[in-house]
């Protein structure tokens, strides 16, 4: 799902300050005829296919320019005085105790340029259809430093483009999850970050907010009653318990940390008694800076948003603290998220035994027992204690009274393994002949139809898909589900228009998606898929707008929040905004190590330490991470 790839951000080179003692060799900066001399170089980059990738590879103290397209390489270095030079940038440049950064274009040590003839004669094939040529050697004095390597592309010895490397995370778009009707509408749980298990069947998730009084770690029984009532349900077990305990921002950080932990512990103790064995619990304790910054926006205390944390603490005392209390009281709380799963009978039995009992229950027409056994069999498949292929051993007569069992088997195949969608679709078509007016069967059929159409699994007339979606209202399907399906239709059709280079209709399809996704709720994975869809089709502003408000909420998924940062960190205008600071603090609060690592070198797993050229990012980094 997720890949790492290098993005090169080009800087146009006009009016550079080259007055320091750096050796610039024979490179020409700021010549009056630069545009003419760089014309062929710039044109080569404009013609670069998106599939072309290049990077700087370090091996010991040697640096190599690596590219996957030799023809494009020859196009860039066409003339004898076309070449390349490397700016070796040191992480030490960005230490927080450095008051001001130099504004020179060359940020580190400039290596001697390598020109066209040497580049072409030295280019050699490596693995996987890649080619590389040596372009420099790291000076001995820098070998133990954290380094990055910016690229200067030269046209007729003129500096034409300067490229900074960003190591960004890339996610492919996907359909919004439509789910499948089993006993009830069941969704896939897809993980944003890559893992061996890309998706699973979603359990029920419930979220509660429990308030706390100032300087108190106890809570009111009435506030926790809804959780108690939920946990008394007889047909669910608690799978996981996630508690985030918050203190308001006033007071010392040590006292706040103590209160956060006490509040979390009191919640764990109260909820654990409802179930044995011990519930898998995750506890996070935080100061609620995010909601504080959100809530003072637009009032007379908005000026506090420009101060650092310690400066704010010094201000929020006495009369100001009292004045802000109506806001601060809402920040002291615990956010409790429960993941519940259906209780499963006969957990200890083998899959063969369960299937045998299921088949007997079906034969004896003991359908209530068969239903429980079918759910137990599905649970074994979900947890990979059994293979989805075991489903073929379940003997269900193709009769109307067994239609619900047939529907669940077909739908579950599609949920658990997308590769089985066509098989499940054909089974569902046969089932519709038994139940021509069944809403669950019809919904599942249309959902499968859209998936198969997206993946070119079936030939379907586009107007027929639109009709099938709209006809669901005649089956009593909720209009929000129909809206979700229609948005999926336009997501797929936009992709098909793009591949056919029909850009006008592609843009119209994107407009439809943007205008209609607000008609239904989105999961974290839906947010990711939609944002990546907008971004890939030339609408990064829509992607950022989609995620901006959510990224300022404390209940956003961590991976989704860091994806938003990945999407926007290199936008110098956006990062100036005060609201962006709130988002940065939200990410820092969620995972300090992961946040600070964004500013590591590319080789050390970061986006780039050169993000700290941006004074707004630098201020947040130095306030929270330091170096």
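The values are calculated or read from the model by the stated rules, or taken from the named source; none is laboratory data. Since the model is a prediction, treat every value here as computed from it, not as a measurement. Cβ atoms come from the backbone with ideal geometry, glycine included; neighbour counts cover every protein chain shown.
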Within segment 242-270, track down each residue that is surrounded by fewer than 21 Cβ atoms within 10 Å (Cβ to Cβ) and in contact with a helix residue (DSSP H, G or I) (Cβ under 9 Å, 6 or more places away or on another chain).
251, 252, 253, 270
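Does at least one position in segment 50-66 carry a residue that is part of a helix (DSSP H, G or I), out of contact with any strand residue (DSSP E or B) (no Cβ under 8 Å at 6 or more places or on another chain) and surrounded by fewer than 18 Cβ atoms within 10 Å (Cβ to Cβ)?
Looking for residues that are part of a helix (DSSP H, G or I), out of contact with any strand residue (DSSP E or B) (no Cβ under 8 Å at 6 or more places or on another chain) and surrounded by fewer than 18 Cβ atoms within 10 Å (Cβ to Cβ), one finds none in segment 50-66, hence no.
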For segment 110-136, name all the residues that are in contact with a strand residue (DSSP E or B) (Cβ under 6 Å, 6 or more places away or on another chain) and in contact (Cβ under 8 Å) with a residue 60 or more places away in the chain.
110, 113, 126, 130, 131, 132, 133, 134, 135, 136
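Out of 600, 627, 541, report the one residue that is modelled with pLDDT of 85 or more and either surrounded by fewer than 21 Cβ atoms within 10 Å (Cβ to Cβ) or farther than 25 Å from residue 149 by Cα (or both). Steps first, answer last, please.
Working: 627 fails: modelled with pLDDT of 85 or more; 541 fails: modelled with pLDDT of 85 or more.
After ruling out the rest, the residue left standing is 600.
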Checked 508, 550 against criteria (more than 18 Å from residue 589 (Cα to Cα), in a helix (DSSP H, G or I) and either under 17 Å from the mean Cα position of the chain (by Cα) or modelled with pLDDT of 85 or more (or both)); the one match is 508
Evaluation of residue 40 against (1) under 22 Å from residue 149 (Cα atoms); (2) in contact with a strand residue (DSSP E or B) (Cβ under 8 Å, 6 or more places away or on another chain); (3) in a helix (DSSP H, G or I) (one fails), failing number
(1)
Looking only at segment 80-113, how many residues end up being in a loop (DSSP other than H, G, I, E, B), modelled with pLDDT under 95 and more than 18 Å from residue 162 (Cβ to Cβ)?
6
Requiring at least 2 residues that are modelled with pLDDT under 75, the helices (runs of 4 or more DSSP H) wholly within segment 208-323 are 221-231, 253-272
Among 555, 526, 603, 559, which is the only one that is outside the structural domain of residue 302 (by TED's automatic domain parsing), out of contact with any helix residue (DSSP H, G or I) (no Cβ under 6 Å at 6 or more places or on another chain) and not in a helix (DSSP H, G or I)?
555
Name the residues in segment 566-589 that are in contact with a strand residue (DSSP E or B) (Cβ under 8 Å, 6 or more places away or on another chain) and over 27 Å from residue 149 (Cβ atoms), would you?
589
Taking residue 153 as meeting all but one of (1) more than 30 Å from residue 622 (Cα to Cα); (2) surrounded by fewer than 18 Cβ atoms within 10 Å (Cβ to Cβ), write down the number of the exception.
(2)
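Residue-wise test of (1) over 18 Å from residue 435 (Cβ atoms); (2) at pLDDT 90 or above; (3) in contact with a strand residue (DSSP E or B) (Cβ under 6 Å, 6 or more places away or on another chain).
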{"residue": "355", "(1), (2), (3)": "yes, yes, no"}
{"residue": "363", "(1), (2), (3)": "yes, yes, no"}
{"residue": "367", "(1), (2), (3)": "no, yes, no"}
{"residue": "376", "(1), (2), (3)": "yes, no, no"}
{"residue": "387", "(1), (2), (3)": "yes, yes, no"}
{"residue": "398", "(1), (2), (3)": "no, yes, no"}
{"residue": "407", "(1), (2), (3)": "no, yes, no"}
Being crowded, with 17+ Cβ neighbours inside 10 Å and closer than 30 Å to residue 484 by Cα is true for just one of 561, 617. Which residue is that?
561
